[in-house]
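Q: Dropping a structure here in structure tokens format, bear with me for questions.
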4 protein chains.
Amino acid sequence: MSAPDYGRAFALWRTAAPDWQAYTHHGFVEGLRRGELPRAAFLHYLRQDYVFLIHFARAWALAAAKADTLAEMQAASATVHALVHHEMPLHVQICAGEGINAAALEATLEAPETLAYTRYVLEAGYSGDSLDLMAALAPCVLGYGEIGARLAGSGGPYAGWIDTYGGAEYQALCRDVGALIDGALDHRLGTDWARVPRFARLTGRFATATRLEVGFWQMGLLGHEDPCAT
Amino acid sequence: MSAPDYGRAFALWRTAAPDWQAYTHHGFVEGLRRGELPRAAFLHYLRQDYVFLIHFARAWALAAAKADTLAEMQAASATVHALVHHEMPLHVQICAGEGINAAALEATLEAPETLAYTRYVLEAGYSGDSLDLMAALAPCVLGYGEIGARLAGSGGPYAGWIDTYGGAEYQALCRDVGALIDGALDHRLGTDWARVPRFARLTGRFATATRLEVGFWQMGLLGHEDPCAT
Amino acid sequence: MSAPDYGRAFALWRTAAPDWQAYTHHGFVEGLRRGELPRAAFLHYLRQDYVFLIHFARAWALAAAKADTLAEMQAASATVHALVHHEMPLHVQICAGEGINAAALEATLEAPETLAYTRYVLEAGYSGDSLDLMAALAPCVLGYGEIGARLAGSGGPYAGWIDTYGGAEYQALCRDVGALIDGALDHRLGTDWARVPRFARLTGRFATATRLEVGFWQMGLLGHEDPCAT
Amino acid sequence: MSAPDYGRAFALWRTAAPDWQAYTHHGFVEGLRRGELPRAAFLHYLRQDYVFLIHFARAWALAAAKADTLAEMQAASATVHALVHHEMPLHVQICAGEGINAAALEATLEAPETLAYTRYVLEAGYSGDSLDLMAALAPCVLGYGEIGARLAGSGGPYAGWIDTYGGAEYQALCRDVGALIDGALDHRLGTDWARVPRFARLTGRFATATRLEVGFWQMGLLGHEDPCAT
């Protein structure tokens with residue numbers, strides 16, 4: 001299956017990221033697809049993903065604060081709004097359905113892999129500008145889109161998760177975010193941005209965030225058990 | 001008329017700010033109340049206020065990024081959303097009604113007084129934490145509330161402006177923001193926060209932002225004419 | 001007299017800044033040159049300049065934090081070190097010689113013009129990246145160099161000030177900072193950086209900071225008297 | 001052996017951090033003490049520590065940018081200066097002595113454990129204020145002091161490393177940093193700071209950074225081999 005079309009920058013970044021395949025075809029993802037992922041691994045992931053979402057919303061809020069244009073500010077602010085008023089409450093509800101109540105969810109100890117990824121993204125945003133932030137946010141937003149598109153229709157116990165990211169609404173969001181990134185690059189670096197050194201650095205940001213995504217899946221897969229147990 | 005009740009911190013801050021009276025009873029404000037403010041001054045203010053709102057929305061986005069709790073993040077994010085999706089488009093529309101089209105509005109050269117105020121608030125937020133940001137944002141949000149409450153029912157050519165800030169909706173927002181600030185102080189400094197040195201510094205932030213509000217009115221009043229003309 | 005050679009970016013920026021002449025040939029500067037600047041104006045300036053230097057040192061520290069390379073970090077850190085361990089103590093000493101003791105200096109109320117300029121620079125640095133910071137810092141560093149070079153040898157009561165900035169040491173620093181900026185642009189935007197849209201935005205940063213320098217001189221000149229007195 | 005006296009906050013923080021013993025008595029540390037640490041592990045650590053130092057210098061530069069007083073600014077700036085002009089060049093030299101040339105050192109791929117720790121510290125500084133930064137920096141500065149003090153005189157192949165941190169100069173620095181932290185707390189939260197909720201959050205920052213220190217040693221120990229090899 002070919003890569004989904006989420007714009008020019010994404011096409012270049014995913015090709016250049018050494019761990020893109022390791023991320024999008026990780027054992028955790030294949031476990032979701034085949035329906036064979038242990039429930040404990042999924043629940044461990046869900047709890048950490050809640051912590052991740054908090055910081056992810058912070059990062060999008062920072063993107064709104066650092067936006068160059070009103071259109072960028074509106075796009076980033078709409079994402080924050082959706083995250084904190086809809087997705088996070090929904091996440092709380094899903095976890096409750098799995099027997100993890102709100103108090104337990106709030107008490108989650110942030111795993112090192114979650115710390116690494118979330119702080120990398122936020123620090124990229126604080127120390128750099130909004131392009132740094134977008135490049136660091138892209139692997140999550142668009143990678144989940146690519147995974148969702150590939151897994152769509154797999155069914156099984158994780159069909160709910162799969163359909164969220166493979167569904168038309170999330171796919172449209174990925175195309176919008178891809179267009180936002182391409183527009184931001186045009187606006188700042190000119191349409192020939194792929195040849196500006198700054199772009200190579202952004203490619204590095206995307207690659208590092210992708211590497212940290214692999215660690216996040218790995219944490220989901222192994223975090224509930226001793227990694228060296230025989 | 002007594003001060004409106006927007007919470008404990010506001011009551012202390014407004015009393016301690018040397019320029020609070022100069023801000024809330026400025027000639028510009030009295031001109032709005034009596035309906036005698038020159039139209040050119042109002043239009044000059046409106047254009048700068050548009051630039052102000054852009055940075056004000058950035059500052060609230062930063063407050064969302066730096067929030068400590070989900071409730072704080074939701075409150076700040078709701079404010080950003082309201083600003084960029086409702087108030088700023090409304091502002092564009094009001095200006096259009098006054099003969100200032102969107103292109104002219106976007107082309108506004110930011111006045112030094114606008115630069116001073118907006119960057120002071122944003123820098124307080126970047127270099128400090130969310131308490132610094134709230135203390136720097138409060139004079140605008142809550143001062144307009146106090147002015148609106150005092151001017152409510154004045155009628156005249158500026159009744160639209162007056163009723164926006166004196167109206168029930170804006171007054172409720174002021175009480176909510178006041179409660180957000182008091183809650184943020186309780187959460188970080190304990191309920192006895194007024195005796196913590198940190199609070200004195202926040203009082204200073206509020207006082208400086210108030211001083212810059214006076215400059216902003218002054219700019220509105222004089223910006224369209226030679227201040228030393230006889 | 002031709003402009004001093006502080007590099008490629010400076011040459012473009014100073015030409016593009018509408019207020020460069022107003023800044024470098026301001027009445028305050030001419031007063032220094034002719035030795036006719038009222039002492040009260042100079043002292044008012046000195047006090048505000050102390051407050052300015054504190055924030056200026058902060059901004060260079062931020063530049064060190066946001067540096068891309070070890071060489072950039074070393075250059076920025078050396079500047080901070082020189083500012084806080086040498087120039088600021090020296091400033092305290094000069095003010096003491098003028099009858100302003102350390103306590104009075106620390107108690108200086110920051111003027112709106114100082115607030116505007118310092119927070120503009122710091123906010124550019126926090127919300128943008130190190131290029132934004134350098135473009136916003138350049139008018140002060142390099143403008144004082146250009147003024148110093150022009151005024152060198154004027155003698156008079158302000159010869160101390162003039163010789164500091166016109167002297168070989170400060171002129172060498174200006175060439176170093178100019179080279180740092182050009183190198184940072186090469187590194188991030190490629191050697192053809194003048195054609196990248198990002199550069200136009202940096203030109204805008206430089207122009208705004210220049211405009212705020214004019215305000216700073218104006219504050220020095222008028223801050224000690226009623227601006228509308230006849 | 002009792003804990004070294006690096007001030008009041010350190011005494012409370014180290015007691016409250018669940019992983020303090022795991023950090024200061026880690027297998028890596030014991031390997032240094034007994035002289036049994038595999039050379040490959042030490043070299044792996046040295047390379048990552050170089051990357052760490054770059055970000056550590058950034059964090060101290062940010063502390064200078066966010067300082068409240070001139071004394072704090074001077075202390076932080078002196079640390080940055082020492083790091084980028086002395087310790088980092090020294091580190092390059094030590095690595096060269098171990099056969100890792102400057103190019104190889106610069107080309108080090110940052111390990112996830114290094115990313116997690118460095119970005120946690122920097123993000124604490126950007127999103128919070130200078131207290132957050134100090135609490136996140138303290139486990140490294142003061143923990144190395146405590147380890148150095150305990151290992152002093154152990155001799156063996158790692159005597160150079162041990163004597164650096166156990167030596168009088170580094171121990172004096174630890175006491176200075178401890179005093180800087182206590183002073184910063186007094187200044188912001190009052191002398192009764194241990195009872196302010198803000199302090200509990202700082203204790204959490206210290207505990208998280210300590211946890212990430214454990215991960216950093218673990219990475220040093222295992223990073224050069226397969227962690228699950230039998």
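Q: Projected area of region A:1-152, taken from the Cα convex hull and averaged over every viewing direction, in nm²? Show your work: numbers first, answer last.
A: Working: hull surface 39.2 nm².
Its average projected convex-hull area is 9.8 nm².
Q: Which whole-number percentage describes the relative contact order of region A:8-224, with Cα contacts under 8 Å and a sequence gap of 6 or more?
A: Details: 240 pairs, mean separation 79.4, N = 217.
This gives 37 percent for region A:8-224.
Q: Treating only the Cβ atoms of Lys and Arg (+1) and Asp and Glu (-1) as charged, compute the dipole magnitude of region D:1-67 about its Cα centre; round to the nearest 20 debye.
A: Numbers: 8 positive and 5 negative charges, 38 e Å.
About 180 debye.
Q: Counting only protein heavy atoms and using a 1.4 Å probe, what share of the accessible area of region A:8-224 belongs to carbon plus sulfur, as a whole percent?
A: Details: 4210 of 7380 Å².
Carbon-and-sulfur percentage of accessible area, whole number: 57.
Q: For B:PRO4, what charge total do you get from the other residues with a beta carbon under 9 Å from its beta carbon, if Lys and Arg give +1 and Asp and Glu give -1?
A: Details: positive: B:ARG150, B:ARG175; negative: B:ASP5, B:GLU146.
Neighbour charge sum, excluding B:PRO4 itself: 0.
Q: Tell me, for the rotation carrying D onto B, which chain D residue has the beta-carbon closest to the axis and what that distance is in whole Å.
A: Checking which Cβ lies nearest the axis yields D:ASP129, 2.
Q: Set Lys and Arg Cβ to +1 and Asp and Glu Cβ to -1, take the dipole of region A:8-224 about its Cα centre, and tell me which of A:GLY145, A:TYR23, A:LEU62 lies farthest positive.
A: A:TYR23
Q: Let me ask something else. Along Cα-to-Cβ, 7 Å out, sits the label point; list in nm, shortest first, how far the one on D:GLY27 is from those in the other copies.
A: Here D:GLY27 shows inter-copy label distances of 2.0, 7.6, 7.7 nm.
Q: Next question. Over the Cα atoms of region D:72-230, what radius of gyration and what Dmax do you get, in Å?
A: Rg, Dmax (Cα atoms, Å): 17.4, 54.
Q: Now a separate question. Please report the buried accessible area for the interface of C with D, total over both chains, probe 1.4 Å, in Å² to the nearest 100. It would help to have the intermediate numbers written out before the result.
A: Values: alone 10550 and 10530 Å², together 19280 Å².
So the buried area, both faces added, is about 1800 Å².
Q: A:ILE100: accessible area at probe 1.4 Å, nearest 10 Å²?
A: Roughly 10 Å² of A:ILE100 is accessible to a 1.4 Å probe.
Q: Between C:ALA179 and D:THR164, what is the label-to-label distance in nm when each label sits 7 Å out along the Cα-to-Cβ direction?
A: Here the modelled spin labels are 3.0 nm apart.
Q: For label points placed 7 Å from Cα toward Cβ, what is the shortest-first list of nm distances from C:ALA16 to its copies?
A: Those label-point separations list as 2.5, 4.4, 5.0 nm.
Q: Treating only the Cβ of Lys, Arg, Asp and Glu as charged (+1, +1, -1, -1), what charge dipole size does region A:19-112 show about its Cα centre? Round to the nearest 20 debye.
A: That gives region A:19-112 a dipole magnitude of about 120 debye.
Q: Go ahead and run the numbers for FRET between B:GLU106 and A:LEU105, Cβ-Cβ distance against an R0 of 45 Å, rounding to 0.05. Please report the intermediate quantities before stating the final value.
A: Details: r = 44 Å, r/R0 = 0.97.
After rounding to 0.05, the efficiency reads 0.55.
Q: In addition: Under 17 Å from a point placed 7 Å out from the Cα of D:ALA22 along the Cα-to-Cβ direction: which residues of region D:93-116 have their backbone N that close?
A: D:113-114, D:116
Q: From the label point of A:GLY167, set 7 Å along Cα to the beta carbon, how far off in nm is each other copy's matching point, shortest first?
A: 3.5, 6.3, 7.0
Q: Where does each of B:THR114, D:THR164 land when they are ordered by accessible area, with a 1.4 Å probe and the largest first?
A: Numbers: B:THR114 0, D:THR164 80 Å².
I get D:THR164, B:THR114, largest accessible area first.
Q: How far apart, in nm, are the 7 Å Cα→Cβ label points at B:LEU43 and C:ALA71?
A: For B:LEU43 paired with C:ALA71, the spin-label model returns 5.3 nm.
Q: For B:ALA96 and B:ASP186, what does the FRET efficiency come to when R0 = 35 Å and r is the distance between their Cβ atoms, rounded to the nearest 0.05? Before the final figure, lay out the partial values.
A: Details: r = 44 Å, r/R0 = 1.24.
The value I calculate is 0.20.
Q: Could you work out Rg/(2.2 N^0.38 Å) for the protein assembly as shown, with Rg from alpha carbons only? Write down the numbers at each step before the final one.
A: Working: Rg = 28.2 Å, N = 920, 2.2 N^0.38 = 29.4 Å.
Output field value: 0.96.
Q: Separate question: In square angstrom, what is the accessible area per residue of region B:8-224 with a 1.4 angstrom probe? Before the final figure, lay out the partial values.
A: Details: 7380 Å² over 217 residues.
Normalised by residue count, the accessible surface of region B:8-224 is 34 Å².
Q: For region B:44-83 and region D:114-174, compute the distance between their C-alpha centroids and round to whole Å.
A: 38
Q: Shifting gears a bit: Go ahead and set up a Gaussian network model of chain B, Cα springs under 10 Å, then flag whichever of B:SER127, B:SER154, B:SER77 fluctuates most.
A: B:SER127
Q: Along the charge dipole of chain D, which of D:TYR117, D:HIS86, D:GLN48 sits closest to the positive end, that is, farthest toward it, with unit charges on the beta carbon of Lys, Arg, Asp and Glu (+1, +1, -1, -1)?
A: D:TYR117
Q: Net charge around D:ALA111, counting only other residues with Cβ within less than 13 Å of its Cβ (Lys, Arg = +1; Asp, Glu = -1)?
A: On the way: positive: A:ARG211, D:ARG47, D:ARG119; negative: A:GLU113, D:ASP49, D:GLU110, D:GLU113.
Computed value for this residue: -1.
Q: Hey, got a sec? Which GluC sites (Glu not before Pro) in region A:81-188 land in a DSSP loop and have at most 14 other Cβ atoms within 10 Å?
A: Values: sites: A:GLU87, A:GLU98, A:GLU106, A:GLU110, A:GLU113, A:GLU123, A:GLU146, A:GLU169; in loops: A:GLU98, A:GLU110.
Filter output for region A:81-188: A:GLU98.
Q: Using the reciprocal of the averaged 1/r over all distinct C-alpha pairs, how large is the Kirkwood radius of region B:1-67 in Å? Mind showing how you got there, number by number?
A: Numbers: mean 1/r = 0.0683 Å⁻¹.
That comes to 14.7 Å for region B:1-67.
Q: Evaluate the charge dipole of region C:8-224 about its Cα centre and quote only its size in Debye, nearest 20, assuming +1 on the Cβ of each Lys and Arg and -1 on the Cβ of each Asp and Glu. The partial results should precede the final answer.
A: Working: 17 positive and 22 negative charges, 79 e Å.
Value, rounded to 20: 380 debye.
The values are calculated or read from the model by the stated rules, or taken from the named source; none is laboratory data. The shown structure was predicted, so the numbers you read here are calculated from the model rather than taken from an experiment. Note that each Cβ is placed from the backbone with ideal geometry, even for glycine, and that neighbours are counted across all protein chains shown. Just the protein is used for accessible areas: all its heavy atoms, side chains included, with ligands, DNA and RNA removed. Shrake-Rupley method; radii C 1.70, N 1.55, O 1.52, S 1.80 Å.
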